[in-house]
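A.B. asks: This is the structure I want to talk about, given as structure tokens.
Any read-out appearing in this document is the output of simple, stated calculations on the displayed coordinates, not a laboratory observation. Predicted model, so just to flag it, every value in this text is computed and none were measured. Cβ: placed from backbone, ideal geometry, glycine included. Neighbour counts: every protein chain shown.
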Amino acid sequence: MKIGIIGGGAIGLLFASYLGEKFDITILVRREEQLHLINRHGVTLREGDSSMTACVHSEIVSESKMEFHLIIIAVKEYDLDPILGMLNETETQIPLLFLQNGIGHIDRVKKLPHQTLLAGSVEHGALKENDHTVIHLGIGKTNLAFVRGESNRVEELLIQQIEKFPFLLQDDHLEMLLKKLFINVLINPLTAIAGVKNGRLPENPHFLQIQHNLFEELLILFPHMQDLIHFQEIMDICYSTSANRSSMLKDIEEYRKTEIETILGALIMKAEQEHHFLPIMKTLYELVKGIEREGQGG
């Protein structure tokens, strides 16, 4: 199976390195420099003291013919719109798998003409070391769910037993994405503001209280999730990824744009439309936006 992966960041490189063991992988990037490095060196995966290199091909995304059996979109949500324009021109029978955080992108994705659309929720921890090297920081799984359609291409992902990189099919894409959103809301903004690793949040009673308050605010927006995700599950994730620096913290440290609009901005807009007052969420949003602005020169 020929798979195209759009995005040369940490998640794109991580997927390319593991899927390259079983499939014909092309990673689609924006910059010529990254293209040449990947075509020359492949994609190197580092985990602990071990490393492996996958031989994958690279193309410039805007120049690709997109002739694949499956396309995985691994760019961040704020970079999605130009990619959607390109995907509009691809064959509609090609299944598309979107790996963005949050739920705000789903309505835009549904406007594509493709027969089969999937959402993915990635639980792995990954850090991009350079344009062709990724560090696997935390082993998890990738949850998949159909937004519409069906495809045996997904079965090929599920039955290929790739060590340390499992895929699991879920029934409800919105429920799956909301579970990941709850986790992101309770971890990412706080770690970015406080400058701490994930494991410090439940260990510090003041951070823990804020997490409790955030969880209650989320249930105001999504009351049906009360029996589907529990606060302790998220605390367990904090502990299991205790040494990890969240993606939002890494973005702040590298003076990059964060995903705060995707993770909190869309929720605040929903709260305003439904006339809910969510003071903790609003305060964290403004703090991250302010820190982001300072890092980018105000």
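A.B. asks: What are the aspartates and glutamates whose alpha-carbon lies under 17 Å from the alpha-carbon of Lys289, with same-chain residues fewer than 8 places away excluded?
C.D. replies: Glu77, Asp251, Glu253, Glu254, Glu259, Glu261
A.B. asks: Using helices alone, I'd like the mean residue ellipticity at 222 nm for the chain: each DSSP H run of four-plus residues gives -39500 (n - 2.57), total over residue count, nearest 500.
C.D. replies: The helix contribution divided over the chain gives -12500 deg cm²/dmol.
A.B. asks: Mind listing which trypsin sites (Lys or Arg not before Pro) in segment 18-88 are in a DSSP loop and have 14 or fewer other Cβ atoms within 10 Å?
C.D. replies: Counting only loop positions with at most 14 other Cβ atoms within 10 Å, the trypsin sites (Lys or Arg not before Pro) in segment 18-88 are Arg31, Lys65.
A.B. asks: Given contacts defined as C-alpha pairs under 8 Å and at least six residues apart, what's the relative contact order of segment 176-295, whole-number percent?
C.D. replies: 36 percent
A.B. asks: State the answer as a single residue: which of Phe167, Gln93, Ser50 lies farthest towards the positive end of the charge dipole of the chain, with beta carbon charges of +1 for Lys and Arg and -1 for Asp and Glu, about the Cα centre.
C.D. replies: Ser50
A.B. asks: Quick one: length gained pulling Asn130 to Asp236 fully straight, 0.36 nm per residue minus the C-alpha distance?
C.D. replies: 35.1 nm
A.B. asks: Same structure, new question: Using the structure shown, list the pairs from Lys180/Lys257; Lys2/Lys250; Lys65/Lys128; Lys164/Lys257; Lys76/Lys250 with a Cα-Cα distance above 23 Å, or answer none.
C.D. replies: Among Lys180/Lys257; Lys2/Lys250; Lys65/Lys128; Lys164/Lys257; Lys76/Lys250, the Cα-Cα distance tops 23 Å for Lys2/Lys250; Lys65/Lys128; Lys164/Lys257.
A.B. asks: Of Val147, Ile60, Leu127, which is farthest on the positive side of the dipole of segment 2-171, counting Cα position, with +1 on Lys and Arg Cβ, -1 on Asp and Glu Cβ, and the Cα centre as origin?
C.D. replies: The residue sitting farthest along the positive end of the dipole is Val147.
A.B. asks: Shifting gears a bit: Provide the percentage of antiparallel DSSP beta bridges, counting only those with both residues in the chain; round to the nearest 5.
C.D. replies: 40 percent
A.B. asks: For the chain, what is the charge dipole size about the Cα centre, in debye to the nearest 20, if Lys and Arg each add +1 at the Cβ and Asp and Glu each add -1 at the Cβ?
C.D. replies: Approximately 300 debye in magnitude.
A.B. asks: In percent, how large is the relative contact order of the chain, given Cα pairs closer than 8 Å and 6 or more residues apart?
C.D. replies: 15 percent
A.B. asks: Counting other beta carbons within 10 Å of each Cβ, put Met86, Met248 in order, fewest first.
C.D. replies: Sorted ascending by nearby Cβ count, the order is Met86, Met248.
A.B. asks: Which Cα, out of Asn198, Ile268, Leu221, lies furthest along the positive dipole direction of segment 186-298 (beta carbon charges, K/R +1, D/E -1)?
C.D. replies: Asn198
A.B. asks: When only C-alpha pairs under 8 Å and at least 6 residues apart count, what is the relative contact order of segment 2-171, in percent?
C.D. replies: 22 percent
A.B. asks: Here's a follow-up. With the cut-off at 1.5 for a/c, could you classify segment 128-200 from its C-alpha gyration tensor as rounded, prolate or oblate?
C.D. replies: Since a/c reaches 1.5 but b/c is at least a/b, the shape of segment 128-200 is classed as oblate.
A.B. asks: Once both labels are modelled 7 Å past Cα along the beta-carbon direction, what's the Gln209-Lys141 spacing in nm?
C.D. replies: 3.7 nm
A.B. asks: Using the number of other C-beta atoms within 10 angstrom as an exposure proxy, rank Asp227, Asp172 with the fewest first.
C.D. replies: Asp227, Asp172
A.B. asks: Give the shape of segment 176-295 as rounded, prolate or oblate, defined through the alpha-carbon gyration tensor: a ≥ b ≥ c are the square roots of its eigenvalues, a/c under 1.5 means rounded, and otherwise the shape is prolate if a/b is larger than b/c and oblate if not.
C.D. replies: It comes out oblate by the Cα gyration axes.
A.B. asks: For the residue pair Glu67 and Lys289, what label-to-label distance in nm results when each label sits 7 Å from Cα along the Cα-to-beta-carbon direction?
C.D. replies: Placing both labels 7 Å along Cα→Cβ, they lie 4.7 nm apart.
A.B. asks: Once you charge only the Cβ atoms, +1 for Lys and Arg and -1 for Asp and Glu, what is the size of the charge dipole of segment 198-298 about its Cα centre, to the nearest 20 debye?
C.D. replies: Dipole magnitude for segment 198-298 comes out near 260 debye.
A.B. asks: Here is a further query. Counting other beta carbons within 10 Å of each Cβ, put Val196, Val185 in order, fewest first.
C.D. replies: Ascending number of Cβ neighbours within 10 Å: Val196, Val185.
A.B. asks: Hey, another quick one. With the cut-off at 1.5 for a/c, could you classify segment 94-226 from its C-alpha gyration tensor as rounded, prolate or oblate?
C.D. replies: Cα axes put segment 94-226 in the oblate bin.
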